[in-house]
Amino acid sequence: MAQPNSQSQSTAAGGDFQFDLVVIGSGPGGYTGAIRAAQLGLKTAVIEKDKSLGGTCLNVGCIPSKALLDSSEHFLQALHELSEHGVKLAKVELDLPTMLGRKDKIVKSLTDGIAYLFKKNQITSFQGTGSLVSATEVEVKSATGETKRLKAKNIMLATGSVPIELPFAKFDGKKIISSTEALTLPQVPKHLIVIGGGVIGLELGSVWMRLGAKVTVIEATAKLCGSMDGQMTKQLQKVLTKQGMEFMLETKVQGLEVLKDQVKVKIESAKTPSELMGDICLVAVGRKAFSDGVGLEKVGVTKDERGRVKVNAHLQTNIANIYAIGDLISGPMLAHKAEEEGVAVAETITGHAGHVNYDTVPGVVYTWPELASVGKTEEELKASGIAYKVGSFPFSANGRAKALGSTEGSVKVLADAKSDRILGVHILGPRASDMIAEAVVAMEFGGSSEDLARSFHAHPTLSEVMREAALAVDKRARQM
Ligand code: NAI
């Protein structure tokens, strides 16, 4: 029999396996939705196939990558920047096992934290693969093949996504790797070739570049970071190039060969085929919805042409009591989007007004400087014929950024030409990930650039750049 997950220490009391809500998948969407459901009085269970709770984000995604980004940034500062502050270090050395160990400890403390939250909220967690048997029954199959059936009034599918594999470059975990292995490389590669100039490529490329690797990013399209604002991604490319990252845009990878100690990447750029040698190739060309073994076909849950589960505005699948959220459905593959959807499902089931405002989902690329964005880009506004005003302000004119020694980048505020309502905010700069929250809240309240411009911003802070950019919308910036 599949056992309740020992980590949660919750038990299915008295062998009672009937639940108001069964969640399949314990990533940010699944576990946050489960907690909200329990808060609202639903008897809730979560099924997780991995040993540790938390899904991709906590185990092999957002959290470990941020731990390594912070550690590698410290290493870089110790090597090159502290001396500028008058801090002299005799010898700076990389202790990679300690750096990786620190990351693992952070992951463990957070995944253990979810087990604690489950216990606190009386959520039962089962370790095993969850699959639909009927619209109201879910089977849990443990790693040893034992099974248990759970009865569920409602089911939330939150099984996330997996990295996309290139047909000619199957992951071998050593020479051809995904983001998962890029978090645990036992030594710094001499030359890391990254296929895909998206979020993962730039973040994990940054980690290994800071630790000493030569990093070449091959991107099929003409720009980095997909649909993010073109002006800002160009600025980011410039800064990363200055840091040493090499880019090959509009370049197609045609093949990949693993040699004894190296990888040979066959490329076609401007129609000229050539080859690039490296010692490891990170393939980061996107992720795809994961629902293998979940039994969607068995109960007739429908998917779209990209394998994502189809849902309506209430996140219901074509079977009314089965919901789906997060990377498994359409929309940005972001932990915070999944969280909001998980909460919305719990609230909908309990008769509340579950709602997700997809117009204000922020996106962040955790390079240094960071790139953060919410709302429309200039490209999108132009394409939809919306008249807009632009206000930008550089970090180079901000006192706090100068004190920090991080003056690259700028804030750009886009506001409706007539109403002044904020339509989008794009930040390249230090701690842009934290600064974007102000823009998200302003947009959630339907705020104008005038609202941002007239709000106090403590001095001296990085957030003053946001205010100056908002002032610049009406050409009133004061610090430049
Ligand atoms: P991505 O969609 O961000 O970027 C993939 C890039 O690969 C695109 O620019 C695409 O044009 C390029 N590409 C595709 N096929 C190619 C080929 N054959 N040759 C060269 N380039 C090719 O995907 P990524 O970076 O793998 O991330 C996956 C998902 O994980 C994303 O949806 C992202 O939102 C999420 N994620 C979010 C993070 C964050 O919020 N900071 C961090 C890491 C991942």
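Numerical summary
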read-out	value
Options VAL356, VAL364: the member that is within 27 Å of ALA284 (Cβ to Cβ), hydrophobic (A, V, I, L, M, F, W, C) and in a loop (DSSP other than H, G, I, E, B)	VAL356
Any hit, region 231-238, residues being charged (D, E, K, R) and within 16 Å of the ligand (Cβ to nearest atom)	yes
Residue ID - farthest from the ligand (Cβ to nearest atom), chosen from residues in region 328-353 that are outside any loop (DSSP other than H, G, I, E, B) and under 27 Å from LEU428 (Cα atoms)	GLU340
In region 369-389, the residues that are of a type outside the set (Lys, Arg) and either surrounded by 17 or more Cβ atoms within 10 Å (Cβ to Cβ) or modelled with pLDDT under 95 (or both)	PRO369, GLU370, LEU371, ALA372, SER373, VAL374, GLY375, THR377, GLU378, LEU381, TYR388
Yes/no for GLU73 being among the charged types (D, E, K, R), open to solvent by less than 50 Å² (accessible area, probe 1.4 Å) and in the same structural domain as MET333 (by TED's automatic domain parsing)	no
Meets criteria (farther than 19 Å from ASP292 by Cα, buried (at least 22 other Cβ atoms within 10 Å of the Cβ) and either away from the ligand (no atom under 16 Å from the Cβ) or within 15 Å of the chain's Cα centre (by Cα) (or both)) for VAL309	no
Which listed residue, of GLU250, GLU181, GLU219, is surrounded by 21 or more Cβ atoms within 10 Å (Cβ to Cβ), within 14 Å of the ligand (Cβ to nearest atom) and either within 28 Å of LYS382 (Cα to Cα) or under 20 Å from the mean Cα position of the chain (by Cα) (or both)	GLU219
Test: residue in region 460-467 that is farther than 22 Å from VAL364 by Cα, open to solvent by 10 Å² or more (accessible area, probe 1.4 Å) and not aliphatic (A, V, I, L, M)	yes
Filter result for the condition that a residue is at positive phi, of a type outside the set (A, V, I, L, M, F, W, C), surrounded by fewer than 22 Cβ atoms within 10 Å (Cβ to Cβ) and outside the structural domain of LYS190 (by TED's automatic domain parsing), over GLY300, GLY326	GLY300
Criterion violated by PRO167 - all others in (1) within 13 Å of the ligand (Cβ to nearest atom); (2) closer than 26 Å to ALA38 by Cβ satisfied	(2)
Where a residue in region 461-473 is closer than 14 Å to THR407 by Cβ and its partner, wherever it lies, is of a type in the set (Val, Ile, Thr) and surrounded by 24 or more Cβ atoms within 10 Å (Cβ to Cβ), with Cβ under 7 Å and at least six apart	VAL465/VAL411
Qualifying positions in region 253-267 - surrounded by fewer than 17 Cβ atoms within 10 Å (Cβ to Cβ) and within 15 Å of the ligand (Cβ to nearest atom)	GLN254, GLY255, LYS266
Residue among GLY86, GLY113 that alone is outside the structural domain of GLY41 (by TED's automatic domain parsing) and at pLDDT 95 or above	GLY86
Filtered residues of region 367-397 (kept if in a loop (DSSP other than H, G, I, E, B), within 16 Å of the ligand (Cβ to nearest atom) and out of contact with any Pro (no Cβ under 7 Å at 6 or more places or on another chain))	THR367, TRP368, THR377
Complete set of residues in region 62-91 that are outside any loop (DSSP other than H, G, I, E, B), of a type in the set (D, E, K, R) and more than 19 Å from VAL207 (Cβ to Cβ)	GLU84
Of all residues making up region 274-297, the number that are assigned by TED's automatic domain parsing to the domain that holds GLY255, exposed (fewer than 14 other Cβ atoms within 10 Å of the Cβ) and either within 14 Å of the ligand (Cβ to nearest atom) or among the small types (Gly, Ala, Ser) (or both)	1
Sole residue being of a type outside the set (Val, Ile, Thr), at pLDDT 95 or above and out of contact with any Cys (no Cβ under 9 Å at 6 or more places or on another chain), chosen from LYS260, LYS252, LYS242, LYS271	LYS242
Of all residues making up region 151-175, the number that are among the hydrophobic types (A, V, I, L, M, F, W, C), within 23 Å of ILE193 (Cβ to Cβ) and in a strand (DSSP E or B)	3
Odd one out for ALA270 among (1) closer than 22 Å to MET209 by Cα; (2) of a type in the set (A, V, I, L, M, F, W, C); (3) within 16 Å of the ligand (Cβ to nearest atom)	(1)
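The values are calculated or read from the model by the stated rules, or taken from the named source; none is laboratory data. These numbers were taken from a predicted model, which means no experiment stands behind them. Note that we place each Cβ from the backbone using ideal geometry, even for glycine, and neighbour counts take in every protein chain shown. Each accessible area value is taken on the protein alone, full model and side chains, heavy atoms only, with ligands, DNA and RNA left out. Shrake-Rupley method; radii C 1.70, N 1.55, O 1.52, S 1.80 Å.
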